[in-house]
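Asks: If you scroll down you'll find the structure; I have some questions about it.
What follows is calculated from the coordinates using simple rules that are stated; it is not laboratory data. Note that the coordinates shown come from a computational prediction; the quantities given were computed from them, not determined experimentally. All Cβ positions, glycine included, derive from the backbone under ideal geometry; neighbour counts span all protein chains shown.
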Amino acid sequence: MESRLKELEISVINKVKELDFSGVVFFQNNQGPVIATASGYSNRSEEILNVVNTRFGIASGCKLFTAIGICQLVEKEKLTFESKLADLLDHKFPHFHPDITIHQLLTHTSGIPDYFDEDIMDDFEELWVEKPMYKMTNLESFLPFFQHLPMKYEPGEKFHYNNAGYILLGLIIEKVAEVPFSQYVEENVFSPAQMVDSGYFSLDRLPAKTAIGYVDEENGSWRTNQYSIPVKGGSDGGAYITAPDMCKLWDALNAGKLVSLEMVEKMKTDWVHVEDDQEFYGYGLWIEKDTNQVVTKYHVMGYDPGVSFASGYYPQSNSVVVIPSNQESGPHKLMFEIEKHM
C-alpha cells in the first residue's frame, strides 16, 4: 500500500510541474489526507506562495451549497421540489412558463434563458461591458440579463446547464429564509460543516491567505481577474474555500449533518442523463457511472476567468479529491492523474 501511495504522490508532483500548476491538490481517504500539496503563487506580484490552507474562488463549484440550502428548506417544509417559481418570487418574468418548478431549476431542466449562455457567448468578460462587475453586489443585479428573455425550451424538455436558474434558487432561499443568501449558506452549510476558513468575500475586501485569480495572456503576460468576475459571488458561483474545508463539506454531507441521509440520496439521484452513458446530474452535483452503470464519482467543478476547480467524492473507496486553482486550467488533469492510481 505504501509503495502505491508513494507512486501516486510522485505522479502528482510530476504532473504539477508539467502543468506549471498554481493551486492545491488534496486527496483524502479513510485514514486521512494522503496528498496535501500546494504550488504556485497566491499573489504573483508579492511572490506569496500558495499553501494548503489558502482560500480559492471555486466559481460554479458552489452550486452544491445552493442545492443543500434548498434541500434544507424542503425538509423544514418551507417549500417542496414541485413548488413553482411563479408562486415563490415577486419578480416579473413575462415570458417564463408558469409551471417551472424547484426540481427543474436544480437539475438545469427549467428551459429558462441564461445570463451567460455558452451557445451564444464564449467570453464571460463580455457581460461587464454594459453593466460593470463592481455593480454586481447582490442576486437581483443579475435579473436584467435574463428576466425579460424568451424561454429556450419547454420546462423539463432537456438538460441545459444554466447559471440563471441557480440565481433564482438563491433568491428563493433569501425570500423563504428572510436572510441574505451568503449569510444563509455561511450559517447553515459552512458552520455545521466546520468550514471555518470559507465564505463569500468581495474582491475589493479579500481576507488574508486568499489567492488572487490570474488570467494568462497569449503573449506571456498576465493580469488579475479583478475586472473579469462579479465583485461578490452568489448562488450560482463565487464562494471561496480551502481544500481541507471542502473535504469537510463532503464529510458532513455524507454523514447527514447538513440534510438527512434520505435527502442526501435524493440529491445524489441521477435525475438527468446529460451525455453519453456515463454522465448524469443530481441536485447541484454531477454523477459519473462506469459501463455497468455503477456510480464511480459525485463531483462539482467550476470555471471563471482566473479560476478553475474540481472536487469529487468516490463512494467505492470513500475518498475525496479537492483541487482548487487560481489560474484557468489544471485541476481536471490532476484529478484524472489521481484517478488512474485509485
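Asks: Do any trypsin sites (Lys or Arg not before Pro) in region 173-221 lie in a DSSP loop with no more than 16 other beta carbon atoms within 10 Å, and if so, which?
Replies: In loop regions of region 173-221 (DSSP not H, G, I, E or B), the sparsely surrounded trypsin sites (Lys or Arg not before Pro) are Lys209.
Asks: How many lysine pairs are close in region 236-319, with Cα atoms under 16 Å apart and the two 8 or more places apart or on different chains?
Replies: Taking region 236-319 as the scope, the lysine pair count is 7.
Asks: Same structure again: Please arrange Arg55, Arg4 by how many other C-beta atoms lie within 10 Å of their C-beta, fewest to most.
Replies: Taking fewest neighbouring Cβ atoms as first place, the list is Arg4, Arg55.
Asks: What list of ³J(HN,Hα) couplings, whole Hz, do you get for region 322-332 from phi and the Karplus terms 6.51, -1.76, 1.60, once you set θ to phi - 60° and write x for glycine and proline?
Replies: 10, 9, x, 8, 9, 9, 8, 7, x, x, 5
Asks: Taking H as built 1.01 Å from N, whose amide H comes closer than 5 Å to the amide H of Ile48, not counting residues under 5 places away?
Replies: Amide H neighbours of Ile48, under 5 Å, 5+ apart: Ser42, Asn43.
Asks: Can you tell me which of 319-327, 240-248 comes out highest on packing, and rank the rest after it, using the mean Cβ neighbours within 10 Å?
Replies: So the order, starting with the most tightly packed, is 319-327, 240-248.
Asks: Here is a follow-up. Full extension from Gln278 to His91: what is 0.36 nm times the residue separation minus their Cα-Cα distance, to one decimal in nm?
Replies: 63.6 nm
Asks: Test of understanding: ordering Leu88, Leu206, Leu334 by Cβ neighbours within 10 Å, fewest first, what list do you get?
Replies: In order of increasing Cβ crowding within 10 Å: Leu206, Leu88, Leu334.
Asks: Which whole-Hz ³J(HN,Hα) couplings does region 192-205 yield from phi under the Karplus relation 6.51 cos²θ - 1.76 cosθ + 1.60, θ = phi - 60°, glycine and proline marked x?
Replies: x, 8, 6, 8, 6, 9, 9, x, 9, 10, 6, 4, 8, 9
Asks: Let me ask another. Which value in nm describes the separation of the simple spin-label points at Glu262 and Met342, placed 7 Å from the Cα toward the beta carbon?
Replies: 3.0 nm
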